[in-house]
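Undergrad: Here it is, the structure in full.
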Amino acid sequence: MYDTIIIGAGMSGLAAGIRLAYYDQKVCILERHTTIGGLNSFYRMNGRDYDVGLHAVTNFTPKGEKKGPLARMLRQLRFKWEDFSLSPQIGSRIAFPGCSLDFDNDIRLLTAEIADKFPGQVDNFQSLCDKIVDYDDLDQATFEISTRNVLKETISDPLLIEMLLCPLMWYGNAREDDMDWGQFCIMFRSIYLEGFARPFKGVRLILKNLVRKFRGVGGELKLRRGVAEIKVDGDRAVGVTLDNGEEIEGKRILSSAGRLETLRLCEDVSEVDVRQSGQLTFIESISILDREPSKLGNDRTIVFYNDSEKFDWRPPADDLCDIRTGVICSPNNYEYGPEDGKLDEGVVRITTIADFDRWNNLDEQKYKIEKLNWYDKSVESAVRFVPDFRGHVVDTDVFTPTTIRRFTWHDKGAVYGAPDKQLDGTTHLSNLFLCGTDQGFVGIVGSLISGISMANQHCLRD
């Protein structure tokens, strides 16, 4: 009998497990796959290590900072700042036709850019920042207010609204076209008021330290142990049945599988409303170059681009992908310290919106062809906004919505889960709780904080 069973060895599940094991709980994390991390994982191919999901760690604050999600996470999980070895971004860009805004980990640069490109909006932007600083992340009553409505009341230039929304939707919005006000505030702080960083060794370093810590405090991690069913007695979950038929009992269950996906596992739930599932998923190409991107003129860490003045955030209407908007990330373009050195090769990662059903319905041969086809199309779209690197590519790979589905188990490969978030993590069962994406926090630090918060709130009070 375990005190807590955790479904999923992603960031939130691992963080929750560490937090609970510190307080002498008997904790077991169950992971369907042979690897940990969920979307934020890694793989090896052709002698190279590839990160999956990680463009940047958001919520970055420098060493010694006592406030903010990163500092809170380090305290709660008892890590040292050096354990994550985060290097800040060089600088990123929002690129729209005829207008761009540069930003970094100091809000003063973005403010100066707005003063230059939108001189009549500086006071309005400061007013927006004041609203965001005062927002309570766990206020469910105001969380789902329309961000577009709030922005229209605060900022009078439509183009600036679209440009501010673009990075925040790309890095943490499950709702089409609009964004929950609460989610906007969380993402605004994590990207514009705090910022981007990356470990030199990528997500592997973070995952390695999380697993080492979890096992070091007595936690059990079981890989290739997918949960087939959550066993229910009255209003309580009493354990799980695994894919191999094994049954495990627990006093409570914490699931990072997603809200609908978790409910579907419960033996007392006959069906779920699939219309509530998220629809936004991506295709990502990875290009290995024979030189650093900066040598070709691309010195930006991340470029969020959109090829019209209106930013559309929805699945493609009639094709496998929508390449009108995207994200270009260059892992080389971080301020790595002298102890790190430089990455061995240049890397450019391009992410565009995709349609899960169309990708999922392809046969194996067509799937391989379309991966090559959309690699070419997405790169062709991206090089309108960064220097053309195609003559320097030495290797490539592409992952699609079906890859995301396989590693996250989210319906339709929805990267940010379902649009409706359950901020308190509760479900219809008194001892079954959610953590991770559908609880409401996204990104690496956000996911870690989600696991910590749900462990503190629901698993350490009895």
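Undergrad: Could you grab me the full set of residues in the stretch 83-98 that are outside any strand (DSSP E or B) and under 20 Å from Asn333 (Cα atoms)? So that I can check it myself, show each step before the final result.
TA: Restricting attention to the stretch 83-98, the residues satisfying the condition of being outside any strand (DSSP E or B) are 83-85, 90-91, 97-98.
Once the filter is applied, which keeps residues that are outside any strand (DSSP E or B) and under 20 Å from Asn333 (Cα atoms), the stretch 83-98 yields Phe84, Ser85, Ile90, Gly91.
Undergrad: If Leu165 satisfies all but one of (1) touching a residue at least 60 places away in the same chain (Cβ under 8 Å); (2) farther than 22 Å from Pro419 by Cβ, what's the number of the condition it fails?
TA: (2)
Undergrad: Given the conditions (1) more than 12 Å from Val211 (Cβ to Cβ); (2) within 21 Å of the chain's Cα centre (by Cα); (3) surrounded by fewer than 23 Cβ atoms within 10 Å (Cβ to Cβ), which single one is not true for Asp24?
TA: (2)
Undergrad: Okay, moving on. Suppose we filter Thr402, Thr427 for residues that are surrounded by fewer than 22 Cβ atoms within 10 Å (Cβ to Cβ), outside the structural domain of Arg224 (by TED's automatic domain parsing) and touching a residue at least 40 places away in the same chain (Cβ under 8 Å); which single one remains? I'd like the intermediate steps shown before the answer.
TA: Values: Thr427 fails: outside the structural domain of Arg224 (by TED's automatic domain parsing).
Every option except Thr402 fails the conditions.
Undergrad: Can you say whether Arg225 is more than 14 Å from Gly8 (Cα to Cα), surrounded by 14 or more Cβ atoms within 10 Å (Cβ to Cβ) and in contact (Cβ under 8 Å) with a residue 40 or more places away in the chain, as far as the supplied structure shows? If you could, list the steps in order and put the result at the bottom.
TA: Values: more than 14 Å from Gly8 (Cα to Cα): no; surrounded by 14 or more Cβ atoms within 10 Å (Cβ to Cβ): yes; in contact (Cβ under 8 Å) with a residue 40 or more places away in the chain: yes.
The answer is no for Arg225.
Results for (1) aliphatic (A, V, I, L, M); (2) part of a strand (DSSP E or B); (3) touching a helix residue (DSSP H, G or I) at 6+ places or on another chain (Cβ under 9 Å), shown as yes or no for each residue.
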{"residue": "Phe214", "(1), (2), (3)": "no, no, yes"}
{"residue": "Ala228", "(1), (2), (3)": "yes, yes, yes"}
{"residue": "Val232", "(1), (2), (3)": "yes, yes, no"}
{"residue": "Gly245", "(1), (2), (3)": "no, no, no"}
{"residue": "Ala257", "(1), (2), (3)": "yes, no, yes"}
{"residue": "Glu284", "(1), (2), (3)": "no, yes, yes"}
{"residue": "Arg291", "(1), (2), (3)": "no, no, yes"}
{"residue": "Asn298", "(1), (2), (3)": "no, no, no"}
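Matching residues to (1) out of contact with any Gly (no Cβ under 9 Å at 6 or more places or on another chain); (2) surrounded by 22 or more Cβ atoms within 10 Å (Cβ to Cβ):
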{"residue": "Asn306", "(1), (2)": "no, yes"}
{"residue": "Asp319", "(1), (2)": "yes, no"}
{"residue": "Cys329", "(1), (2)": "yes, yes"}
{"residue": "Ile350", "(1), (2)": "no, yes"}
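Undergrad: Filter the stretch 300-318 for residues that are among the β-branched types (Val, Ile, Thr) and part of a strand (DSSP E or B); which is farthest from Val379 (Cα to Cα)? Don't jump to the end; show me each part of the working.
TA: The first filter runs over the stretch 300-318 and keeps only residues among the β-branched types (Val, Ile, Thr), leaving 301-303.
From the residues that got through so far, the ones that are part of a strand (DSSP E or B) too are 302-303.
Details: Ile302: 15, Val303: 13 Å.
Among those that are among the β-branched types (Val, Ile, Thr) and part of a strand (DSSP E or B), it is Ile302.
The values are calculated or read from the model by the stated rules, or taken from the named source; none is laboratory data. Predicted model, so just to flag it, every value in this text is computed and none were measured. Every residue, glycine among them, receives a Cβ derived from its backbone with ideal geometry; neighbour counts consider all protein chains shown.
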